[in-house]
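Written below as C-alpha cells is the structure these notes are about.
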Amino acid sequence: MSFKWKRLGENALFLVPSSILTAALGIYPLLWMLRYMFYDYAGYGDALFIGLDNFRRLMRDGLFWESVGNTFIFAGGKLLLTLPLSLLLAVILNGKLRGGNLLRGIYFMPTVISTAVISVVFYNIFNSYNGMVNTVLMKLHLVSQPIDWLGPKHAMLTVILVAVWGAVGNYMLLFLAGLQSIPQDLYESAAIDGANAGRRFWSITLPMLAPVAQMVIMLAIIASLKGYESIMVITEGGPIGKTEVMYLYLYKLLFPVSTGSPVTQQLGYGSAVGFASAVIVGAITGLYFFLSRKMNKVY
C-alpha cells in the first residue's frame, strides 16, 4: 500500500467517530421524523398510517399559527434590539478603551452560562410580587404598584429582553472580529482627507463589515426563529399562549412540559409540525440570503 493510500485511510479513520454520532443523532432522527409525520402515533402502541391528515390538521391548527405569529414578534423584537446593540458595543470595544478585555469577557459571559440558569434568575428578577425590577421602580417612585411583567400585556417584552441579554455578547464578539480585520490604513487615509469619525464609520466600517454582518444576521435570524428555551422556563408559553413560539409548541407535542398544558404528546403530529417549522425557518433564511446577496462583496 502506497503512502498516499495509507494516509488517506488514516484520515478516514479519524472521521469514523464523528460520522457515527452524526448518523445516530442527526440523520436517524431526521429520517424517523420524515416517516412518522404520515402516522397517527402518540409514542406508545401501534402507529396508524394516515397519509396527509397531519398536514390537513396543521392547516387548521389555530394554536400552531398563533405560535408562528408569536415567533415573528419574538424574533423581530430580539433582532431589532440585539444587532444594533452588539455592533455598538463592538465599535466601542474596538477602540483604545481601558479595561477593554475585561469588558469583552463580561459582555460575553451570558453566552457561556446555562440558558436554564439565566431564565430562572430573570424569572425571579421580573417576579410581579417581590422581583428586583418592581422593587427598584417602586423605590424610585416611577410606578405606584407592581407591574405584572409575566402577565399577558408584558410577557413577550420580558422574554425578548432576556433573550437580548443572553445573545448580545456572542454577536458582539463576531462583529469585533470583523472590525479588527479592517486595515487601519483606510482610516488613516480618510482622516488625512478630512473625514470625521461618522463619515469614516459610514464610508469604511459598514461597507468593509458587510460580509461579516451578513453571516451574523443570518445566525441571529435562525437562532431567534428557533429559540424557545428561556421562554419554556420563564412562562411555558403563557399566559394564555401570549409567548407560545413555534419551537416551544413543537417541543410540547414531543415532550409535554406539564400536566396542565393543553398540548398532549403526539409524536406523529409533532413530526409534521417539526417539518413545517423547518420549512418556515428555511424559507425565511433563503429569502434573507437572496435579499442580502450583495453584502458578501467588499467594494
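The values are calculated or read from the model by the stated rules, or taken from the named source; none is laboratory data. Every value quoted in this text rests on a predicted model; they were computed, and no experiment measured them. Counting neighbours? That spans all protein chains shown, and the Cβs are built from the backbone with ideal geometry, glycine included. Accessible surface areas use protein heavy atoms only, side chains included; no ligands, DNA or RNA. Shrake-Rupley method; radii C 1.70, N 1.55, O 1.52, S 1.80 Å.
What do you reckon, is Val159 outside any loop (DSSP other than H, G, I, E, B), open to solvent by less than 70 Å² (accessible area, probe 1.4 Å), out of contact with any strand residue (DSSP E or B) (no Cβ under 9 Å at 6 or more places or on another chain) and in the same structural domain as Thr243 (by the TED database)? It would help to see each step written out before you state the result.
Values: outside any loop (DSSP other than H, G, I, E, B): yes; open to solvent by less than 70 Å² (accessible area, probe 1.4 Å): yes; out of contact with any strand residue (DSSP E or B) (no Cβ under 9 Å at 6 or more places or on another chain): yes; in the same structural domain as Thr243 (by the TED database): yes.
So Val159 fits the description; yes.
What's the total number of residues in region 273-299 that are at pLDDT below 90 and either touching a Cys at 6+ places or on another chain (Cβ under 9 Å) or among the aromatic types (Phe, Trp, Tyr) (or both)? I'd like the intermediate steps shown before the answer.
First pass over region 273-299, keeping only residues at pLDDT below 90: 289-299.
This time we only want the ones that are either touching a Cys at 6+ places or on another chain (Cβ under 9 Å) or among the aromatic types (Phe, Trp, Tyr) (or both), so: 289-290, 299.
Number of matching residues: 3.
What tally of residues in region 1-51 results from selecting those that are in contact with a Phe, Trp or Tyr (Cβ under 8 Å, 6 or more places away or on another chain) and among the β-branched types (Val, Ile, Thr)?
The qualifying residues number 1.
Only one residue in Leu87, Leu63, Leu81 is in contact (Cβ under 8 Å) with a residue 24 or more places away in the chain, assigned to a helix (DSSP H, G or I), under 30 Å from Ala177 (Cα atoms) and open to solvent by 50 Å² or more (accessible area, probe 1.4 Å), so which one is that?
On the way: Leu87 fails: open to solvent by 50 Å² or more (accessible area, probe 1.4 Å); Leu63 fails: under 30 Å from Ala177 (Cα atoms).
Just a single option satisfies the conditions, and that option is Leu81.
Among the residues of region 124-151, write down those that are farther than 23 Å from Val233 by Cβ and assigned to a loop (DSSP other than H, G, I, E, B). Explain how you work it out, then say what you get.
We begin by selecting, within region 124-151, every residue farther than 23 Å from Val233 by Cβ; these are 137-145.
Matches in region 124-151: Leu140, His141, Leu142, Val143, Ser144, Gln145.
If you take the residues of region 40-60 that are in contact with a strand residue (DSSP E or B) (Cβ under 9 Å, 6 or more places away or on another chain) and aliphatic (A, V, I, L, M), which of them is most open to solvent (accessible area, probe 1.4 Å)?
Leu48
Quick check on region 126-136: of everything there that is open to solvent by 40 Å² or more (accessible area, probe 1.4 Å) and among the aliphatic types (A, V, I, L, M), which residue is nearest to Trp165 (Cα to Cα)? Give the derivation first.
Initially, region 126-136 is screened for residues open to solvent by 40 Å² or more (accessible area, probe 1.4 Å), giving 129-130, 132, 135-136.
Subsequent filtering for residues that are among the aliphatic types (A, V, I, L, M) retains 132, 136.
Details: Met132: 16, Val136: 19 Å.
Restricting to residues being open to solvent by 40 Å² or more (accessible area, probe 1.4 Å) and among the aliphatic types (A, V, I, L, M), the top hit is Met132.
Search region 24-44 for residues that are in a helix (DSSP H, G or I) and pair each with any residue that is open to solvent by 60 Å² or more (accessible area, probe 1.4 Å) when their beta-carbon atoms are under 9 Å apart and the residues are at least 6 apart or on different chains.
Met33/Phe275; Leu34/Phe275
For the structure I just gave you, tell me whether Ala116 is small (Gly, Ala, Ser), in a helix (DSSP H, G or I) and either in contact with a Leu (Cβ under 6 Å, 6 or more places away or on another chain) or exposed (fewer than 12 other Cβ atoms within 10 Å of the Cβ) (or both). Full working, then the answer.
Working: small (Gly, Ala, Ser): yes; in a helix (DSSP H, G or I): yes; either in contact with a Leu (Cβ under 6 Å, 6 or more places away or on another chain) or exposed (fewer than 12 other Cβ atoms within 10 Å of the Cβ) (or both): no.
Here the answer is no, as Ala116 does not meet what is asked.
For region 194-297, which helices (runs of 4 or more DSSP H) that fit wholly inside it have 3 or more residues that are surrounded by 16 or more Cβ atoms within 10 Å (Cβ to Cβ) and without any contact (Cβ under 8 Å) to a residue 60 or more places away in the chain?
Details: elements: 197-200, 206-226, 229-234, 246-254, 267-291.
It comes to 206-226, 246-254, 267-291.
Kindly check whether there is at least one residue in region 208-216 that is within 19 Å of the chain's Cα centre (by Cα) and within 30 Å of Asp40 (Cβ to Cβ). Please lay out each step first, then the result.
Step one: filter region 208-216 for residues within 19 Å of the chain's Cα centre (by Cα), giving 212-216.
Then drop every residue that is not within 30 Å of Asp40 (Cβ to Cβ), which leaves none.
There is no residue in region 208-216 that is within 19 Å of the chain's Cα centre (by Cα) and within 30 Å of Asp40 (Cβ to Cβ).
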